[in-house]
Amino acid sequence: MSTEVVFFILSVAILFVTSISILVTTLATGSPPTPSGPSLRREIVAMIAFADPSEGVIYDLGSGWGGLAKAVARANPERSVIGIERSFIPWALAAVSNRLFGPGNLLFRRADFSQQDLTDAAVAICYLSGDTLRDLAPGLEQRLPPGCALISATFAWPGRKPVAKATAKDLFNSPVYLYRIALDESQ
Ligand SMILES: C[S@@+](CC[C@H](N)C(=O)[O-])C[C@H]1O[C@@H](n2cnc3c(N)ncnc32)[C@H](O)[C@@H]1O
């Protein structure tokens, strides 16, 4: 068999396995690993500055290929940023790229964020589908500490009134909402 044929078969096999892996996780989570666009990222970064977290970790809950978490970590070099992602291929590429190119204040965990300890969170960012948000919002609220800033891109958080709202200059004028976990909410 020639090198070209081996290369072709390998490429098709990698593409097939990658597609199946992403499809299976998307069916399980209800959120495909669609990356946020540059304008949406800019609004999220600005919203973090507006929320003015004093201390604590910034989480990207469902970090996909890692682009948003990377932009947030670069804009906040003095803070720890953690991206949590369930889908193996996006997580693996984000983790390898971060290992090679940094930034050093960013970490990617492969996990289901609804099962993670988030008690050190100062900011939690969600760019999830509406259905995923509806399913996971009540459980997530219980995991976040009082005072934590909750930023939801595109979809409003069910049952909460935002304390601020911004609009990305993208094709859909995507909204970015800021919420605050109240001091009297139990964990
Ligand atoms: C729309 S993408 C957002 C990617 C990234 N935050 C960005 O802005 O570029 C949503 C991601 O959330 C992930 N996700 C959904 N539910 C999850 C869960 N329970 N735990 C971990 N990741 C989850 C999906 O696999 C998907 O990659």
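The values are calculated or read from the model by the stated rules, or taken from the named source; none is laboratory data. Just so it is clear, the model here is predicted, and its values are computed rather than measured. Positions of Cβ are backbone-derived with ideal geometry, glycine not excepted, and every protein chain shown enters the neighbour counts. Quick note on the areas: whole protein, heavy atoms, side chains included, nothing else; ligands and nucleic acids left out. Shrake-Rupley method; radii C 1.70, N 1.55, O 1.52, S 1.80 Å.
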*asked:* Condition first: open to solvent by less than 10 Å² (accessible area, probe 1.4 Å), modelled with pLDDT of 95 or more, within 12 Å of the ligand (Cβ to nearest atom) and not in a loop (DSSP other than H, G, I, E, B). Can you find one or more residues in region 101-124 that meet it?
replied: yes
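Looking only at region 125-148, count how many residues are more than 27 Å from SER39 (Cβ to Cβ), in a helix (DSSP H, G or I) and more than 11 Å from the ligand (Cβ to nearest atom). Let's see the steps before the verdict.
Initial filter on region 125-148 (more than 27 Å from SER39 (Cβ to Cβ)): 135, 138-139, 141-143, 145-147.
Those still in the list that are in a helix (DSSP H, G or I) too: 135, 138-139, 141-143.
Then drop every residue that is not more than 11 Å from the ligand (Cβ to nearest atom), which leaves 138, 141-143.
Counting residues in region 125-148 that are more than 27 Å from SER39 (Cβ to Cβ), in a helix (DSSP H, G or I) and more than 11 Å from the ligand (Cβ to nearest atom) gives 4.
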*Taking only pairs six or more apart or across chains, which ones have beta-carbon atoms under 6 Å, a first residue in region 157-177 that is closer than 12 Å to GLU43 by Cα, and a second residue that is of a type in the set (Phe, Trp, Tyr)?*
LYS165/TYR177
*Among SER19, SER36, which is part of a helix (DSSP H, G or I) and not aliphatic (A, V, I, L, M)?*
SER19
_Every residue from region 68-100 that is under 18 Å from ALA28 (Cβ atoms) and in a helix (DSSP H, G or I)_ = PHE88, ILE89, PRO90, TRP91, ALA92
*Identify, by number, the condition in (1) within 9 Å of the ligand (Cβ to nearest atom); (2) open to solvent by 80 Å² or more (accessible area, probe 1.4 Å) that LEU23 doesn't meet.*
(1)
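Keeping to region 55-67, report how many residues are within 11 Å of the ligand (Cβ to nearest atom), in a loop (DSSP other than H, G, I, E, B) and under 19 Å from LEU140 (Cβ atoms).
Keep residues of region 55-67 that are within 11 Å of the ligand (Cβ to nearest atom), which gives 59-67.
Retained after the next criterion (residues that are in a loop (DSSP other than H, G, I, E, B)): 62-66.
After this cut, where a residue has to be under 19 Å from LEU140 (Cβ atoms) as well, the list is 62-64.
Summing the residues that are within 11 Å of the ligand (Cβ to nearest atom), in a loop (DSSP other than H, G, I, E, B) and under 19 Å from LEU140 (Cβ atoms) in region 55-67 gives 3.
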*Residue tally, condition more than 13 Å from the ligand (Cβ to nearest atom) and open to solvent by less than 30 Å² (accessible area, probe 1.4 Å), over region 69-94*: 2
*Within region 39-52, can one find any residue that is among the acidic types (Asp, Glu) and over 21 Å from TRP157 (Cβ atoms)?*
no
*Pairs only if they're at least six apart or on different chains, beta carbon under 6 angstrom, first in region 26-54 and within 12 Å of the ligand (Cβ to nearest atom), second open to solvent by 80 Å² or more (accessible area, probe 1.4 Å) and part of a helix (DSSP H, G or I); list them, first residue then second.*
GLY30/ASP131
